[in-house]
Amino acid sequence: MPMIRVRSLAVALSAMLMTSTLAACSSGGDDSPKNVSAKTAALGTLTPGVIKVAVQPYAPYTTVQGGKIVGLDGDILAHVAKKLGLQVKPQVTDFAGMLAGVQSRRVDITIGGVAWSADRQKQGLFTDPPYYSPPAMAVRSGKTYKTVDDLKGLNLGTVEGYVWVKSIQSVPGAKLHAYPDATGVFDDLGAGRVDVGFLDPLIIIAAHKQRPELKIRTEYLTPPTAAEVKAKPAYQYFQPYQTGFYLPKQATKLEKAISAQIDAMYTDGEMANLVKNYGGDPEQFLKPAADVATARRGVDRPQSWTPPSIGQ
């Protein structure tokens, strides 16, 4: 999901088809759980006591196994749903279908590294960020790259359609290598045909564990300065982005309830534990950049809003 999750909006061409698919998946049978409390029913989900979730296979963020969502986002939602008395029912689609399912209210929510944007919030509701996605780089062992200047003249890889394509094309002298999926990035990185791969951080961490023969590791790029972004606007995608769970515009009660549970997970340490379970660094994933608050204040949050953060 870009993710942004960093993906091109070109995938939206399939949105209408995926909406009809979701509708078909939603129909048929009485899936209402028994003995739903009045408090849970008041959340306004499409089926009382059930939260219908559109996801796509994107391990280790979201994968459906045995009817359950497995991965970081899946674990976060499972914790929240238990607190709210909701039964999680996943519906598998692609990224365009995830957004379309929410915007047409065929599902209650979509999760999986979906990036907050001013355009997306016009058509749906975002929760408070369950985590922040840092600008991660897959690099070969023994190599170190810290800033955008370090990337000049290098062979840089990412997946076709990811917004990092735009960022890479703006790096002086850099050569873009775009692949259909992350596997191609890792293969060429291990073979030395690519110097740096830009992918979602947990994808890199998982590959490091699963394919040790590639001898890759994760580095985090120092975000470009405001002046650098002003000079080269595509550099904005080298900055951290805030993720969110995405809901229909009508789901105001549900969004507020989920956001409250997300905030509590920062406070009680649950969010940090889940991030660490997937190899992530809470210092990177759970502390917002300075522009997170300013981006949303006066847009879909009040001027007094403070993004959740560990260590507060």
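Any read-out appearing in this document is the output of simple, stated calculations on the displayed coordinates, not a laboratory observation. Just so you know, these numbers come straight off a predicted model, no measurement behind them. Note that each Cβ is placed from the backbone with ideal geometry, even for glycine, and that neighbours are counted across all protein chains shown.
Couple of notes before you dig in:
- Listing L77, L274 from fewest to most neighbouring C-beta atoms within 10 Å gives L274, L77.
- For region 55-62, 3J(HN,Hα) per residue [Karplus equation, 6.51 cos²θ - 1.76 cosθ + 1.60, θ = phi - 60°, Hz, x = Gly/Pro]: 9, 10, x, 8, 5, x, 9, 8
- DSSP-defined antiparallel bridges as percent of all bridges, the chain, nearest 5: 55 percent
- Sum of -39500 (n - 2.57) over DSSP H runs of 4+, divided by residues of the chain (222 nm, nearest 500): -9500 deg cm²/dmol
- Going by neighbour counts of Cβ atoms within 10 Å, the residues S309, S167 line up, fewest first, as S309, S167.
- Two-decimal log10 I(q)/I(0) for region 139-261, as the Debye equation yields it once each C-alpha is a single scatterer, q = 0.14, 0.19 Å⁻¹: -0.66, -1.00
- Sequence-distant residues sharing a close amide H with D128 (under 5 Å, placed H): S259
- Amide H contacts under 5 Å for H177, placed H, 5+ residues apart: L156, G157, T158
- Ordering E160, E270, E213 by the number of other Cβ atoms within 10 Å of each residue's own Cβ, fewest first, gives E213, E160, E270.
- Cα shape, region 203-265, gyration tensor, a/c 1.5 rule: oblate
- Legend: residue pairs K39/K82; K52/K249; K68/K256; K143/K287; K34/K89, Cα-Cα distance threshold 20 Å; pairs beyond threshold, K68/K256; K143/K287.
- J(HN,Hα) series, region 144-149, from Karplus relation 6.51 cos²θ - 1.76 cosθ + 1.60, nearest Hz, glycine and proline x: 9, 9, 10, 10, 4, 4
- Region 96-113 - phi-based ³J(HN,Hα) in whole Hz, Karplus 6.51/-1.76/1.60, Gly and Pro as x: 4, x, 4, 5, 5, x, 6, 5, 9, 6, 8, 10, 7, 6, 10, 9, x, x
- Among beta bridges that DSSP assigns inside region 135-238, antiparallel share in %, nearest 5: 55 percent
- Taking amide H as placed 1.01 Å from N in the peptide plane, V50 has its amide H under 5 Å from the amide H of Q87, each at least 5 places away in sequence or on another chain.
- The alpha carbons of region 233-312 occupy a box of 35, 35, 23 Å along the principal axes, longest dimension given first.
- Here the convex hull built on the C-alpha positions of the chain has a volume of 130 cubic angstrom per residue.
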